[in-house]
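Colleague: Below is the structure I would like to discuss, written out as structure tokens.
The values are calculated or read from the model by the stated rules, or taken from the named source; none is laboratory data. Nothing here was measured: the structure is a model prediction, and the numbers come from that model. Note that each Cβ is placed from the backbone with ideal geometry, even for glycine, and that neighbours are counted across all protein chains shown. Please note that ligands, DNA and RNA were not included when accessible areas were found on the heavy atoms of the full protein model with its side chains. Shrake-Rupley method; radii C 1.70, N 1.55, O 1.52, S 1.80 Å.
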Amino acid sequence: MNEKTKKAAAFFAEGFYCSQAILGAFCETYGMERETAFRISCGLNSGARCAELCGAVSGAVLVIGLKYGDSKDACNLKTEAFIKSFQEKNGDVVCRAILGCDIFTLDGREKAVKEKLYGTTCVNMVISAAQILEDSGY
């Protein structure tokens, strides 16, 4: 596991959300203070609070924007490449599909807690997203 991937996993283990863990691990490389990164990515967890796009993916897209956001074309291409890599590695980019339950519902959240999905599947998604970013030169 590379340095930023370890950092992302550590942030997640400390209680930061998946989106925060990813952006927090990479932000300083691109001139963003970590506290700002944690604040700006806070609402993206749990698929932007509706079990849609995985928070680790959302955090990674923010990292891509930090590096390539001055060029829409480059940013779009890099985002599409990341999404494709993440999907190939993990089967999907949608939170509810990855977890096998809809954490936007009470039943789904209870299932996620009972099956310890946040401590297994979610941490694996954080590690996966961070590794893809690091392997891509971020």
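Colleague: Can you pull out the GluC sites (Glu not before Pro) in the range 1-75 whose DSSP state is coil and whose Cβ has at most 13 other Cβ atoms within 10 Å? Walk me through the numbers before you get to the answer.
Modeller: Values: sites: E3, E14, E28, E33, E35, E52; in loops: E14, E33, E52.
Qualifying residues, ordered by number: E14, E33.
Colleague: While we're here: Would you calculate the separation in nanometres between label points at D73 and D92, each defined as 7 Å from the Cα along the Cα-to-beta-carbon direction?
Modeller: Label at D73, label at D92, 3.5 nm between them.
Colleague: Strictly over 25 Å apart at the Cα level, which of K7/K114; K84/K116; K78/K114; K6/K84; K6/K78 would you flag in this model? Don't skip to the end; give the middle numbers.
Modeller: Values: K7/K114 27 Å; K84/K116 27 Å; K78/K114 36 Å; K6/K84 23 Å; K6/K78 23 Å.
Long pairs (Cα-Cα over 25 Å): K7/K114; K84/K116; K78/K114.
Colleague: Shifting gears a bit: Please list, short to long, the whole-number percent of alpha-carbon pairs of the chain in consecutive 10 angstrom bins beginning at zero.
Modeller: So the P(r) values, bin by bin, are 14, 47, 32, 7, 0.
Colleague: For R49, tell me the accessible area in Å² from a 1.4 Å probe, rounded to the nearest 10.
Modeller: 130
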